[in-house]
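The values are calculated or read from the model by the stated rules, or taken from the named source; none is laboratory data. These numbers come from a predicted model, not from an experiment. Cβ atoms come from the backbone with ideal geometry, glycine included; neighbour counts cover every protein chain shown. What goes into the accessible areas is simple: the full protein's heavy atoms, side chains included, and nothing from ligands, DNA or RNA. Shrake-Rupley method; radii C 1.70, N 1.55, O 1.52, S 1.80 Å.
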Amino acid sequence: MSKLLAGLVLAWAGALLAGCAGFSPDGGMDRVQGLVQERLGSAPQRMDDEAAAARVAQEVERLLAVPLTPDAAVKIALLNHRGLQAQLAELKVAEARLVAAGRPRNPGFVYGRFAQGEEREFERTFLVDLMGLITLPVRSEIERRRFAQVQLDTARQALALAQEVRAAWFDAVAAQEGVRHLEAAVGAAAAGAELAARMRAVGNFSRQRQLAEQLQYAELAAELARARHEATVARERLTRLLGLRGAQRAYQLPETLPELPEELMAEGAALQHALDGRLDLMIAREELAGLARNLGLTRRTGLVNVLEVGWLNSTASHAPVKRGYEIELRLPIFDWGEARTAQAQALYTQALHRAAQLAVEAESEVLAAHASYRTAWALARHYRDEVLPLTERLMEEAQLRYNGMLIDVWGLLAQARARAQAARAATEATRDFWLAEANLRRALDGTGAVQALLARGGALALGGEPLAH
């Protein structure tokens, strides 16, 4: 009987060991790269050694050789941002936990030597954690789901970084363009202030009017100083997100923002895309499935969670060899397992409600982001199609009237300042649209502010331990 039992257990252990999870060639990167690639058109790469770092540096230099586009900025950040690289390394940590969970506890060996007078007795015991073998498939599945959560969270962080980079790029280009418009307005104001001072010097201008021109120039000059500072801050934010240093900081940005799209994503399509592909909802589904499996394991091991089998071999002087086996079983006298089962049930219910709330918040977030996206597009088109053409026609009319001596130079300069200010406002409206578009992408991918699920502890929090072993 003992030989049969030992043979069955050892055969089962061998089969389980043969099917144990091993380390994958890519360390879990395939799923992360797939999720990011289908949403961005580019994917992160690991920088594990000097050769990989050299390839990244070469690619970054190539992308920086021409004025930086939003897509090129995203590619650089996915390759070069060290915070993202740290998260990619977390994938290997999670995979190591998965591999460890798929392997049974090492068997134990106990050796004893006893003496009684001239008698010598030797006892050898081989121990196998039978409960660990029984629950191994379930524990492996729990860790596999936890590993899937890490993959989803890594993809979420890569997408969040990409949207931050896009927003920073639009901010930096708009700030740079706004400085140029303000410089044009300040130039017109400076010319007016200088002319007013000369006119005042020869007695052809009142002091009040000369001071008014001087004040307008001073206010615009202060506004230009603030705009230049904001442009510097915006560029530095983009530089940090790209992970650039040294000579790389001298990259060039385009002169103007991209043109507005002719059509917008429909609200229904945006909502369906979010419900199907938001990573925070995918993480919530993974967590629920993992907690359900964990709850099943806890219920199975609620009464018995320690079961070990040992094979004994004992020899003594002038006595035949004694063989046998022993079973260690913890009796459920004080702890019947209801506390652990209740905890697992409560954690599952808690995660279920969180997932439901997350779905509600996701729908609202997408609808609000789409409304902002649509409104910003309409305002930017209004400036492009109505305001800017009107200011151009007014400038042309002012030039004609000035040439015909129907208005003085002050009227012409005032119209030039108004045109520059309108161009700056149009740039800001276009920037606001692209920022709203980036915010909509965050809502569609689940990389925005609704991340309560990832900010709490629990049975299957990333890096935690299952309830039963």
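Which members of the stretch 42-61 meet the condition of being loosely packed, with under 14 Cβ neighbours inside 10 Å and either under 20 Å from ARG235 (Cα atoms) or touching a helix residue (DSSP H, G or I) at 6+ places or on another chain (Cβ under 7 Å) (or both)? Result: GLU61, single match.
So that you can scan it fast, the table gives a plain yes or no per residue for (1) over 18 Å from ARG431 (Cα atoms); (2) in contact (Cβ under 8 Å) with a residue 24 or more places away in the chain; (3) part of a helix (DSSP H, G or I):
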site	(1), (2), (3)
GLU143	yes, yes, yes
GLN149	yes, yes, yes
GLN163	no, yes, yes
ALA175	no, yes, yes
ALA193	yes, yes, yes
ARG198	yes, no, yes
LEU224	yes, yes, yes
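For the criterion of being modelled with pLDDT under 90 and among the basic types (Lys, Arg), ARG166 fails.
If the condition is being out of contact with any Lys or Arg (no Cβ under 6 Å at 6 or more places or on another chain) and either surrounded by fewer than 16 Cβ atoms within 10 Å (Cβ to Cβ) or polar (S, T, N, Q) (or both), then the stretch 192-210 contributes GLU194, ALA197, ARG198, ALA201, VAL202, GLY203, ASN204, SER206, ARG207, GLN208, ARG209. In the condition set (1) in contact with a helix residue (DSSP H, G or I) (Cβ under 7 Å, 6 or more places away or on another chain); (2) crowded, with 21+ Cβ neighbours inside 10 Å, VAL173 is compliant with all but (1).
Taking the stretch 62-79 as the range and being in contact with a Leu (Cβ under 7 Å, 6 or more places away or on another chain), open to solvent by 20 Å² or more (accessible area, probe 1.4 Å) and closer than 17 Å to ALA247 by Cβ as the test, only PRO67 passes. Here is the figure for the stretch 393-423: residues that are open to solvent by less than 40 Å² (accessible area, probe 1.4 Å), within 39 Å of the chain's Cα centre (by Cα) and touching a residue at least 60 places away in the same chain (Cβ under 8 Å) total 2. If I ask for residues that are touching a helix residue (DSSP H, G or I) at 6+ places or on another chain (Cβ under 6 Å) and closer than 17 Å to ALA418 by Cβ, which ones from the stretch 185-222 would you list? Matches in the stretch 185-222: ALA185, VAL186, ALA188, ALA189, ALA190, GLY192, ALA193, GLU213, GLN216, TYR217, LEU220. Sort out which residues of the stretch 80-92 are open to solvent by 50 Å² or more (accessible area, probe 1.4 Å) and touching a residue at least 60 places away in the same chain (Cβ under 8 Å), and write them in order of number. Selection gives ARG82, GLU90, LYS92. Checked against (1) open to solvent by 30 Å² or more (accessible area, probe 1.4 Å); (2) under 18 Å from the mean Cα position of the chain (by Cα); (3) modelled with pLDDT of 90 or more, ASP30 passes all but a single condition, namely (3).
Cβ-Cβ contacts under 6 Å between residues 6 or more apart (or on different chains), taken from a first residue in the stretch 31-46 that is in contact (Cβ under 8 Å) with a residue 24 or more places away in the chain to a second residue that is outside any helix (DSSP H, G or I), are listed as VAL36/ALA43.
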